[in-house]
Amino acid sequence: MSVTAEDHDDLAYNVFAKACPSRGTLEHVTGRWGGLTLGALYEGSLRFNELRRRVDGVSEKMLSQTLHALERDGLVHREAQPTNPPRVDYELTPLGRQVAERLLALIHYVEGAMDDVLAARARYDETRGAL
C-alpha cells in the first residue's frame, strides 16, 4: 500500500509539514534510543537499570531523556513505588504498545534482511573504496 500526498491532505496532522507536532513524536519513536526502548518495554515492565542493561550501550542520561520524551508523548507509563530505596517501573501504555508492535515489525524485517544489507555494503565499499 502506497501513501500519496493526497492521503496526507485528509489527515489532521502531517509529519511532512515542518511545524506539525507529529514530527517530534516520530523523532522520539524512531530515534536510536527511542526505538530500542520501546522494543525492550514491549517484553514487559522494567526498572530503569534493567532497561539500561537491555538497551546495550545507552547512557543513563540518554535513557532518562528518552523515557521522559516517551512518557510525555503518552507511550510510556512511569510508576514510582514509595519504598526505600525508591522503585520506579516503566511500561508501555496501550498507545505505546501499538507503536512498539509496528516498530518491532520493522526491526524484525531489518534483522532478517541483514545478509542483503551487508552484501550491499561490501559491493558499495568495493566500488567506492572502503571508508
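The values are calculated or read from the model by the stated rules, or taken from the named source; none is laboratory data. Source: prediction; values computed, not measured. Here the Cβ is made from the backbone with ideal geometry for all residues, glycine too, and neighbour counts use every protein chain on show. Note: accessible area is taken over every heavy atom of the protein model, side chains too, but ligands, DNA and RNA are not part of it. Shrake-Rupley method; radii C 1.70, N 1.55, O 1.52, S 1.80 Å.
Separation of segment 35-53 and segment 71-109, taken as the distance between their Cα centroids, equals 7 angstrom.
In whole percent, how big is the carbon plus sulfur part of the accessible area of segment 57-120, probe 1.4 Å, protein atoms only?
55 percent
Ligands, DNA and RNA are left out, and with a 1.4 angstrom probe the accessible area of the chain is 73 Å² per residue. Would you mind classifying the chain by shape? Square roots of the alpha carbon gyration tensor eigenvalues, ordered a ≥ b ≥ c; an a/c under 1.5 is rounded, otherwise it is prolate if a/b is larger than b/c and oblate if not. Oblate, since a/c reaches 1.5 and b/c is not below a/b. Local charge for A100 was computed over the other residues whose Cβ lies under 13 Å away, with Lys and Arg +1 and Asp and Glu -1, and equals -2.
About its Cα centre, the dipole of the chain is roughly 560 debye, where the only charges are +1 on Lys and Arg Cβ and -1 on Asp and Glu Cβ.
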